[in-house]
Amino acid sequence: MNQLNYQHLYYFYVTATEGSIIKAASVLHLTPQTISEQIRTLEAYFGFDLFDRVGKRLQLNSQGQLTYNFAKNIFSMGNELLLSVRHQQQNQQHVLSIGVTDVLPKILAFEMFQRSLTVHPNVRLVCKEGDLNSLTAELALSKIDGILSDQPLLNTSNVKAYNHLLARSGLSFFVAQDLAEKFVDFPQCLDNQPFLLPGDKSAQKLSILAWFAKHNINPQIAAEFDDCALMKLFAQRGYGVFCAPTSVEHHIEKQYKVRVIGRTDMITEHLYLISPERKVTNPLLSPLVIKGAAR
């Protein structure tokens with residue numbers, strides 16, 4: 001028997017974990033046909049089928065379950081090896097590779113990075129931006145060390161990762177400086193006024209809308225943005241009111257020439273570090289968690 005092809009085994013492992021070839025294709029960024037061919041090649045190598053088809057679903061048979069158990073151990077040990085080697089290389093090369101969700105205010109990410117750079121001034125920082133799903137996939141493959149996100153990773157995720165709360169803040173409401181004087185009697189002053197709302201990717205969108213409803217406020221939703229920096233530029237030019245974490249309001253006022261017209265603690269912005277470790281041992285990430293716990 002020739003040497004086992006571990007790439008074929010990995011495609012089988014992901015398919016068994018996800019429960020279907022379609023889902024596995026999405027995770028692996030391959031076509032379903034490619035994955036089907038690789039699994040058939042693996043079955044031919046073993047000399048037996050690994051799945052039974054039950055309706056439209058694939059179900060592991062007894063031999064498939066045995067193979068899956070071995071594959072799970074193999075790739076779990078492989079991930080542990082990658083993590084150990086990565087951490088060793090980082091200690092030598094001082095590299096911190098971290099993902100930042102695209103809806104997170106960049107000033108919050110900067111403040112977190114600054115904590116690590118203060119403790120480790122020789123760090124080479126590698127930042128990757130994307131949505132939470134794509135960054136989680138990179139975390140699962142050990143391509144990044146952690147993720148900064150405004151929302152935690154849900155327990156329904158197939159990725160083994162842990163949420164560490166770094167900071168929380170209420171929200172401040174901003175408008176262009178030359179429009180600020182017309183906004184008195186907050187929050188009722190927001191009624192029937194143009195408002196710039198975070199997009200669907202934001203953890204705050206539904207909370208903001210619920211807060212409006214609770215106060216019987218009906219703003220005119222002028223636009224929705226996944227890019228919070230673009231939203232602030234629109235506000236700077238007078239296109240509407242927007243909100244952002246109170247903890248960084250002074251930075252926002254200074255950079256975008258806007259003014260705070262009100263605040264609320266009823267809506268809370270959270271900042272999480274999502275890491276593959278329950279207790280963060282990576283020395284380049286630990287300053288974030290230690291200071292976050294002290295806040």
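Remarks
- Antiparallel DSSP beta bridges within region 169-268, as percent of all bridges there, nearest 5: 60
- Cross-link pairs exceeding 26 Å between alpha carbons, from the set 106/214; 254/279; 182/254; 23/128; 160/214; 232/279: 106/214; 254/279; 160/214; 232/279.
- Across region 111-128, rounded Karplus estimates of 3J(HN,Hα) from the backbone phi angles (6.51 cos²θ - 1.76 cosθ + 1.60, θ = phi - 60°) give 4, 5, 4, 4, 4, 5, 5, 5, 7, 10, x, 9, 5, 9, 8, 10, 9, 10 Hz, Gly and Pro being marked x.
- Computed from the Cα positions only, the extents of region 6-73 along the three principal axes stand at 28, 26, 22 Å, in decreasing order.
- Amide H within-cut-off set for residue 238, under 5 Å, with H built and near neighbours excluded: 176
- Using C-alpha pairs under 8 Å with a sequence gap of at least 6, the mean separation divided by the residue count of the chain gives a relative contact order of 21 percent.
- Region 177-234 shape via C-alpha gyration tensor axes, a/c threshold 1.5: oblate
- Summary of packing: across the peptides 276-286, 95-105, 176-186, the per-residue average of other C-beta atoms within 10 Å ranks them, highest first, as 95-105, 276-286, 176-186.
- Rounded Å value of the spacing that divides the Cα centres of region 13-30 and region 169-241: 40
- Antiparallel DSSP beta bridges within the chain, percent to nearest 5: 60
- Shape category assigned to the chain from the gyration tensor of Cα positions, a/c cut at 1.5: prolate
- A rounded overall shape is assigned to region 169-268, the ratio a/c of its alpha-carbon gyration tensor axes (a ≥ b ≥ c) being less than 1.5.
Bear in mind that the values in this text are calculations on the coordinates, not laboratory data. Quick caveat, the model's predicted, so the values are computed rather than measured. Here the Cβ is made from the backbone with ideal geometry for all residues, glycine too, and neighbour counts use every protein chain on show.
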